[in-house]
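Okay, so here's the structure we're looking at.
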Amino acid sequence: MRSARGFSLTELVVVMVIAAILSAFAISRINTTSFEAEGFANQLAATMRYAQKIAIAQHRNVAVAITSSAVSLTYPGLTGTPALRKPPGTEAYTISVPSGVTLGGSLVGDTVTFSPLGKPTYIVLSSSTSGTLIVSGGDISPITITVEAETGYVH
């Protein structure tokens with residue numbers, strides 16, 4: 001007289017098939033563009049802060065060239081405008097806008113140059129007190145990154 005405990009092989013296979021169907025359905029519903037947009041916005045803000053810190057630390061101008069498809073850091077005024085290098089110094093510091101994500105705002109198409117004191121200069125500020133970058137994509141509301149004209153504070 002033994003009592004059977006546990007699941008039969010058939011029950012285990014049925015549960016695994018149902019789990020596979022549910023996970024395939026759930027994965028197809030995930031919108032990764034929202035995650036990419038938020039990640040890019042964080043990376044963009046960090047890049048702007050990094051440019052300002054490098055300008056202060058090296059006591060030289062650092063330019064941030066902003067286009068709708070990429071953002072790159074350079075040392076302006078030098079022959080050939082050499083690019084800043086990503087640590088450990090192997091490739092040019094450029095970040096690309098992911099597919100499905102759009103970059104807009106008053107600073108797109110402009111170059112923000114941080115002085116050795118950390119103060120930004122750019123054309124947009126002739127009529128306003130700050131420059132903005134707007135990252136949008138996916139289901140999230142647009143994320144605004146602001147660069148203050150007087151201090152260079154990025155938020």
* What are the residues whose amide H is under 5 Å from the amide H of residue 93, where those residues sit 5 or more places off or on another chain and H is modelled from the backbone? -> 73, 84, 85, 86
* What list of ³J(HN,Hα) values in whole Hz, one per residue of the range 21-31 in order, does the Karplus curve 6.51 cos²θ - 1.76 cosθ + 1.60 (θ = phi - 60°) give from phi, with Gly and Pro shown as x? -> 5, 5, 5, 5, 5, 5, 5, 5, 8, 6, 9
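Here, each number is a calculation from the coordinates, and none is a lab measurement. Since the model is a prediction, treat every value here as computed from it, not as a measurement.
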